[in-house]
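Here is the structure we will look at.
The values are calculated or read from the model by the stated rules, or taken from the named source; none is laboratory data. Predicted model only: the values in this text are computed from it and were never measured. Cβ placement follows ideal geometry from the backbone for every residue including glycine, while neighbour counts extend to all protein chains displayed. Accessible surface areas use protein heavy atoms only, side chains included; no ligands, DNA or RNA. Shrake-Rupley method; radii C 1.70, N 1.55, O 1.52, S 1.80 Å.
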Amino acid sequence: MKAFVSRTYGGPDVLELSEVDVPEPGTDEVLVKVRSISVNPADWHCLRGKPVFSRATLGPIRPKATVLGADIAGRVESVGPGVTTVAPGDAVYACLFGSGFGGFAEYARVPLGALAPIPAGLSDAEAAALPIAATTALRGLDYHGRLEAGRSVLVNGGSGGVGHFGIQLAKAAGAEVTAVTSTPNLDLVRTFGADHVIDYTAEDFTRTGQTYDLVLDTIGNRRVGDLRRALGQSGRAAVTGFTSVGMLVGVVVRGGKRIKQVNVQVTGRNLAELNTFVEAGALRPSIDRHYSFAEIPEAISYLEAGHARGKVVVDVVGA
């Protein structure tokens, strides 16, 4: 099969399109014929081995996982010993971030605990767009137990992969949502359900005097003091993914306000939870661009540039 292989740390140019063996599913694993892949910031961070401290787990000198790619959707090709809950031909999607990656390939070996059925009404591309970004948004919003009807929620980075899911999930909970984005994306975030919009090129959301019960910061470019200023009494902020907000180890408490960096490991149970929102009509991925399988390096470069609106998806050739 064809797969993109990275044997050294670096940019997308280190990816090599190679012929590799099709993996064999082991006990409680399935082999999935990949039809769609979505790219995530985690992909280019792992590709570059940054931040450098992450190499303690990724591999100190060279990457342990030579085939990256986490979010996939496709069809079960075969099943390993002990698998009875899915069968060849089933439409599934999965997150391989916690099981050694392997998604930038025509076939992927997937643990049962990392997959879920594709919900009715979603395409393969839309399903592949869900796992990391939508789970991160959901966990960020409910981490502090503040996602309730009537709450005021601000989503910083509302047009991005995590942010556009955050807006939809907050609205589904009955929150009043303010989205922060750039001028060209103001109308876009309204289509996701934002009640109010802030153009960060013209206004600093931390200095408007307006405060919020919950801030979901998907960008991670604000200081702790900035986020505290945007929080109301006993307000909470969740910073997702890689961040420049110092080392947010544990919970930062100041005046009853709490700020926490939130990272997730996506499981099949998380995906099943996302399916309930999709099936209720409360959650729908927005796809900015489609790339072909051969264009995976270009897809990663586009995402890394930081201007993607929603998700970036790769359509696998021959799917």
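Worth a mention:
- Inter-centroid distance (Cα atoms) of segment 272-316 relative to segment 19-50, Å: 16 Å
- Protein accessible area in the chain, 1.4 Å probe - carbon and sulfur %: 50 percent
- Modelled spin labels at Thr8 and Thr183, positioned 7 Å past Cα toward Cβ, are 4.2 nm from each other.
- Here Glu16 and Asp204 are evaluated by their C-beta separation; at R0 = 45 Å the FRET efficiency comes out at 0.55.
- Cα-based equivalent ellipsoid, segment 1-90: semi-axes from gyration tensor eigenvalues, Å: 28, 14, 12
- Counting 0.36 nm for each residue step from Asp28 to Thr85 and taking away their Cα separation leaves a gain of 19.5 nm.
- Cross-link pairs exceeding 27 Å in C-alpha to C-alpha distance, out of Lys50/Lys260; Lys50/Lys311; Lys50/Lys171; Lys260/Lys311; Lys2/Lys311, comprise Lys50/Lys171.
- Helix content alone sets the calculated 222 nm mean residue ellipticity of the chain: runs of n ≥ 4 DSSP H residues at -39500 (n - 2.57) each, divided across all residues, give -6500 deg cm²/dmol.
- Normalised contact order of the chain, rounded percent, pairs of Cα under 8 Å and 6 or more residues apart: 19 percent
- Segment 160-301 - Kirkwood radius from inverse mean 1/r over Cα pairs (Å): 16.7 Å
- Kirkwood estimate for segment 121-183, i.e. one over the average of 1/r between Cα atoms, Å: 12.0 Å
- Probe 1.4 Å, protein heavy atoms only - accessible area per residue of segment 160-319 in square angstrom: 45 Å²
- With protein chains left intact and a 1.4 Å probe, residues in segment 1-102 average 45 Å² of accessible area per residue.
- Helix 131-142 and the longest principal axis of the C-alpha atoms of the chain enclose an angle of approximately 30°.
- Estimated translational D of segment 109-229 in µm²/s (Stokes, Kirkwood radius over Cα pairs; 4 °C; 1.567 mPa s): 86 µm²/s
- For the chain: Kirkwood Rh in Å [reciprocal of mean 1/r, alpha carbons]: 19.9 Å
- For segment 269-309, a Kirkwood hydrodynamic radius built from all Cα pairs, placed in the Stokes-Einstein relation at 25 °C and 0.890 mPa s, yields a translational diffusion coefficient of 199 µm²/s.
- Square roots of five times the Cα gyration tensor eigenvalues for segment 54-167, Å: 28, 21, 13
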